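> One structure is given below, represented as structure tokens, and several questions about it will come after.
The values are calculated or read from the model by the stated rules, or taken from the named source; none is laboratory data. Bear in mind that the values here come from a model prediction, so they are computed numbers and not experimental data. Virtual Cβ from ideal backbone geometry, glycine too; neighbours counted across all protein chains shown.
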Ligand SMILES: C[S@@+](CC[C@H](N)C(=O)[O-])C[C@H]1O[C@@H](n2cnc3c(N)ncnc32)[C@H](O)[C@@H]1O
């Protein structure tokens with residue numbers, strides 16, 4: 001796998017475990033998704049595609065078998081995409097799916113928690129159903145590093161599960177999300193057990209939520225984030241030093 005603008009650091013204090021192994025799921029992933037949620041997750045990934053038409057340099061993390069990346073390349077003939085995923089089987093499927101546009105994709109087999117991003121000038125970051133593989137502190141650590149490698153007008157699109165703060169959240173969404181985590185623990189070794197508080201993490205890292213769409217009464221969210229104009233996020237290591 002090529003490493004063009006991204007560098008890897010050897011050790012990250014926030015990556016205490018192996019990433020989940022999605023290799024076994026690569027072939028069947030889209031069918032698992034289809035039988036469990038039909039077209040709804042796909043609708044989440046496509047939610048803000050229209051806003052991405054003028055983007056030029058994207059970083060897509062944890063795109064799995066690459067359905068979002070393929071759509072992004074198709075609708076935006078000038079974009080170049082750096083893709084990071086910890087599963088080589090998923091990356092292979094992503095490259096196949098990119099088809100004739102694969103020349104504009106640079107795949108990186110890497111644990112996103114250990115990414116050191118040079119000042120790459122990404123004007124688009126996409127994480128669809130990926131942040132839920134991390135803890136809140138890992139999301140914040142990643143967001144702080146991403147913030148430094150993004151252009152001031154960049155967009156960050158996020159799709160994820162959520163637990164609404166009402167009876168539906170408590171009685172339906174929470175048990176469902178817990179069951180999904182158990183299933184992924186069994187299938188991939190994922191050690192995370194609950195959703196990270198990604199909104200808190202992104203805000204602390206210097207991002208602002210500009211748009212949000214909810215589906216299935218708030219069980220699924222699609223969000224559009226931007227760097228705050230005068231962000232000065234305090235790094236976690238600085239915080240630790242101050243404490
Ligand atoms: C739940 S799947 C989501 C796939 C796709 N984005 C989607 O919308 O369906 C999570 C993806 O993130 C990748 N992944 C999980 N943890 C990772 C990590 N720490 N670093 C890089 N990729 C990771 C997995 O290999 C997998 O492809």
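> When you look at residue 149, is it at pLDDT 95 or above and under 20 Å from the mean Cα position of the chain (by Cα), yes or no?
Working: at pLDDT 95 or above: no; under 20 Å from the mean Cα position of the chain (by Cα): yes.
For residue 149, the condition - at pLDDT 95 or above and under 20 Å from the mean Cα position of the chain (by Cα) - is not met.
> Here is a follow-up. Go over the candidates 213, 238 one by one and state the one that is at pLDDT 95 or above, over 13 Å from residue 145 (Cβ atoms) and either more than 17 Å from the chain's Cα centre (by Cα) or surrounded by 14 or more Cβ atoms within 10 Å (Cβ to Cβ) (or both). Before you say what the answer is, go through the steps one by one.
On the way: 238 fails: at pLDDT 95 or above.
Within the list 213, 238, the selection yields 213.
> Now for a different question. Could you please let me know if residue 190 is touching a strand residue (DSSP E or B) at 6+ places or on another chain (Cβ under 8 Å) and surrounded by 14 or more Cβ atoms within 10 Å (Cβ to Cβ)?
Working: touching a strand residue (DSSP E or B) at 6+ places or on another chain (Cβ under 8 Å): no; surrounded by 14 or more Cβ atoms within 10 Å (Cβ to Cβ): yes.
Answer is no for this residue.
> Quick check on this structure: which one of 179, 183 is more than 19 Å from residue 130 (Cβ to Cβ) and without any contact (Cβ under 8 Å) to a residue 24 or more places away in the chain? I'd like the intermediate steps shown before the answer.
On the way: 183 fails: more than 19 Å from residue 130 (Cβ to Cβ).
Within the list 179, 183, the selection yields 179.
> Could you grab the pairs with beta carbons closer than 6 Å, sequence gap of 6+ or different chains, first residue in segment 19-46 and under 18 Å from residue 190 (Cβ atoms) and without any contact (Cβ under 8 Å) to a residue 60 or more places away in the chain, second one near the ligand (Cβ under 8 Å from one of its atoms) and part of a helix (DSSP H, G or I)?
33/41
> A follow-up question, please. Which of (1) buried (at least 21 other Cβ atoms within 10 Å of the Cβ); (2) farther than 26 Å from residue 227 by Cα does residue 102 not meet, given it meets every other one?
Tallying (1) buried (at least 21 other Cβ atoms within 10 Å of the Cβ); (2) farther than 26 Å from residue 227 by Cα, residue 102 fails exactly one: (1).
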